[in-house]
Amino acid sequence: MSRPLASVLLVEGTSDADFLRALVDRVLQDSGRSHPGSDFEVAEPIVLHRRGDRPFHAFADEVLAMQPLPALAFCHYDEARNLERGESQAWALMVAAWAANNPSDDRIRLVPLAPVREMESWALADLDVICTLARCDIRRPDVFESGLLDQVESLTYPKKTLKAALRVGTKGRRTSMSSEDTFSLLAERISLDRLGRVPSFRTWRGRTEDALRELKFIRGPGGSAR
């Protein structure tokens, strides 16, 4: 019988939830397929939003009270270009909150999920998908910082670039997709191969698979993303 693989994800906003829920699910599924001998069934990730004055403590409290415990707990935050600066803020607070709750069960792993700048830098990783949604080639001067689209972590404001890219293709059209539909569709269609070229995504996936190895869900070296 396949082992259940449950996970929970702390996010900052609604768009993050729409994109990252589906992406986490895809990556966990792909990790199982990429490692011979793996036998687990991925449950849809549970998404929690930051809330209250002590959001990381609230997350730790809620996760550690779950029955059964999820195997993986992902903490999403936007990473600064300076790795040490980003980790000294959100991740350090999360680790401290986790430790303060004294989790003694070794069946759960806390994993940072930290796109550089903003989650939209990952959403922009597959230009073919973006161009298909925009119904035009988005590498054009009226798209903010379009010259940096081949290096998404160099974008100063990925959210602005993504909005501009999708807007150029909706001019003259009466309707457009909702933000929820857009981010869900991007997460479902984006190439994991292309996302694998983005350093922060590659780091997150590596840490996730390390956690899965520690928990005996997968064995052997890492597989290639597709």
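Numbers below:
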quantity	calculated
Scope the range 24-47; condition buried (at least 18 other Cβ atoms within 10 Å of the Cβ) and part of a loop (DSSP other than H, G, I, E, B); matching residues	HIS35, SER38, PRO45
Inter-residue pairs, beta-carbon under 8 Å, first touching a residue at least 24 places away in the same chain (Cβ under 8 Å) and over 12 Å from VAL116 (Cα atoms) and in the range 148-160, second assigned to a loop (DSSP other than H, G, I, E, B) and open to solvent by 70 Å² or more (accessible area, probe 1.4 Å), 6+ apart	LEU149/ARG139
Test: residue in the range 2-18 that is part of a helix (DSSP H, G or I), at pLDDT below 95, loosely packed, with under 15 Cβ neighbours inside 10 Å and hydroxyl-bearing (Ser, Thr, Tyr)	yes
Filter result for LEU133 (hydrophobic (A, V, I, L, M, F, W, C) and part of a strand (DSSP E or B))	no
Count - residues of the range 107-125 that are buried (at least 19 other Cβ atoms within 10 Å of the Cβ) and assigned to a loop (DSSP other than H, G, I, E, B)	8
Test set (1) at pLDDT below 90; (2) more than 18 Å from the chain's Cα centre (by Cα); (3) open to solvent by 20 Å² or more (accessible area, probe 1.4 Å) - ILE138 fails condition number	(3)
Selection within the range 48-77 - open to solvent by less than 30 Å² (accessible area, probe 1.4 Å) and not in a helix (DSSP H, G or I)	LEU48, PRO70, ALA71, LEU72, ALA73, PHE74, CYS75, HIS76, TYR77
Residues of the range 1-27 satisfying the condition of being farther than 19 Å from VAL63 by Cα and in contact with a helix residue (DSSP H, G or I) (Cβ under 8 Å, 6 or more places away or on another chain)	THR14, SER15, ASP18, PHE19, ALA22, LEU23, ARG26, VAL27
Single unsatisfied condition, ASN101 versus (1) modelled with pLDDT under 90; (2) polar (S, T, N, Q); (3) out of contact with any helix residue (DSSP H, G or I) (no Cβ under 6 Å at 6 or more places or on another chain)	(3)
ARG21 out of contact with any Asp or Glu (no Cβ under 8 Å at 6 or more places or on another chain), of a type in the set (Lys, Arg) and either assigned to a loop (DSSP other than H, G, I, E, B) or crowded, with 18+ Cβ neighbours inside 10 Å (or both)	no
LEU133 open to solvent by 10 Å² or more (accessible area, probe 1.4 Å) and touching a Leu at 6+ places or on another chain (Cβ under 8 Å)	yes
Considering residues of the range 63-87 that are small (Gly, Ala, Ser) and more than 16 Å from PRO45 (Cα to Cα) only, the residue modelled with the highest pLDDT	ALA65
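The values are calculated or read from the model by the stated rules, or taken from the named source; none is laboratory data. Being a predicted model, the structure only gives us computed values, none of them experimental. Neighbour counts are summed over all protein chains in view; Cβ atoms, including those assigned to glycine, are modelled from backbone coordinates with ideal geometry. We work out accessible area using only protein heavy atoms, side chains counted, and drop any ligands, DNA or RNA first. Shrake-Rupley method; radii C 1.70, N 1.55, O 1.52, S 1.80 Å.
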